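Report on the following structure.
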Number of protein chains: 2
Amino acid sequence: MLVLSSPSGAGKTTLSRRLLESDHQLELSVSVTTRPQRPGEVEGRDYRFIDRAPFDAMVKQSELLEWAEVFGHRYGTPRAPVQTALGQGRDVLFDIDWQGTQQLREKAGGDLATIFVLPPSIPDLEGRLRTRAQDTDDVIHRRMSKAADEMSHWAEYDYVVINRDLDRAFREVQAILAAERLKRERQTGLTTFVRDLQSKI
Amino acid sequence: MLVLSSPSGAGKTTLSRRLLESDHQLELSVSVTTRPQRPGEVEGRDYRFIDRAPFDAMVKQSELLEWAEVFGHRYGTPRAPVQTALGQGRDVLFDIDWQGTQQLREKAGGDLATIFVLPPSIPDLEGRLRTRAQDTDDVIHRRMSKAADEMSHWAEYDYVVINRDLDRAFREVQAILAAERLKRERQTGLTTFVRDLQSKI
């Protein structure tokens, strides 16, 4: 399980998309949310948009691995698709915030790698938020405050990537994923592989 | 500090050289050894070739970070060049065996990443050992036995790379190095960087 977190506007969503396009062993955990769908967002790809009552029912039935409320809207990670993917030997990418990451860490134990993406500067962050033309000044102001708050959690993550250049940041995230897969404890079958080699000498 | 270990013939030395050529932040720790120089080996690049008496003097004066005896010859890692490189913010690559790695781990604590390179098969391993035309059959036989012994230590390493294809193995080692550098605790100045970002919102 790979977590990408960042303040809104640091480029996390673009990085996630590129990573998913380049790596077919990796699957996105699509969150459920009670917030309204934005123009350009696709149901089932960006989020599953649901009402508050079914969301709360999922919470009650422990169907969410983690959930949190942000600006009055709820966001959560359905448990079943994650278990299915992991059970089939695929890796799962989570585009979630620090609250979700904390909950996931408690539930997932060691098999979790976490990356925090930072913007190179505040003008850069604000620029990216303003490019999303659909947001009002008020929403942007709230997002900037939230960014400051979110950034304070960088030290809870395994890796930190500063998104100075999208291509470079992408290569860095790819390297982290590749390295995490090469960790001894994640490679199944090595004991047998080495025993087999030794038996042939 | 990055350690590359493998049974002789698994491609470790080629991987080390390519890594050093591609990455000027990385410096090789050149071992001292009492074994005779082989044709093609360069004093000061591959090893520093010294006599037994000065070797033992270095051991006595704690000038070696680690040392071990293999086939009657001693190999050790001088402490001073490593400390100089690390002090100047460079990373150090160690091409050492499991005995050296164990000693280094004890002395280096957390700031060490270790990679074990495995051959894809025994014919492949033997083929590579035979390509080094200077070795006799007897030497090759001893190296194969030592390879079996060395391989039994794979589980003491952080990462395992199977050298099925040299280019791929090289990219994997590069990814590990890149990811290790992106680990939060290795990036100095992040606290100040984030505080500075937050102060500008």
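Every read-out reported here was derived from the displayed coordinates using simple, explicitly stated rules and does not represent laboratory data. It should be emphasised that the depicted structure is a prediction, and the values quoted were computed from it without experimental measurement. Here Cβ is always computed from backbone atoms with ideal geometry, including for glycine, and neighbour counts include all displayed protein chains.
A few notes on this one:
- Extent along the principal axes, Cα only, for chain B: 70, 42, 29 Å, with the longest axis given first.
- Here the protein assembly as shown is treated with +1 on each Lys and Arg Cβ and -1 on each Asp and Glu Cβ, and its dipole about the Cα centre works out to around 180 debye.
- Dividing the mean sequence gap of close Cα pairs (under 8 Å, 6+ apart) by how many residues segment A:2-184 holds gives a relative contact order of 31 percent.
- In nanometres and ascending order, the distances from the B:Glu21 label point to those of the other copies are 3.3 (point 7 Å from Cα along Cα→Cβ).
- Dimensions of segment A:158-201 from C-alpha coordinates, computed as largest minus smallest value along each principal axis and given longest first, are 50, 18, 11 Å.
- Electrostatic tally near B:Leu20: other residues with Cβ closer than 11 Å to its Cβ, Lys and Arg +1, Asp and Glu -1, net -2.
- Using the Cα coordinates of the protein assembly as shown, the gyration tensor eigenvalues translate into equivalent-ellipsoid semi-axes of 48, 24, 17 Å, sorted from longest to shortest.
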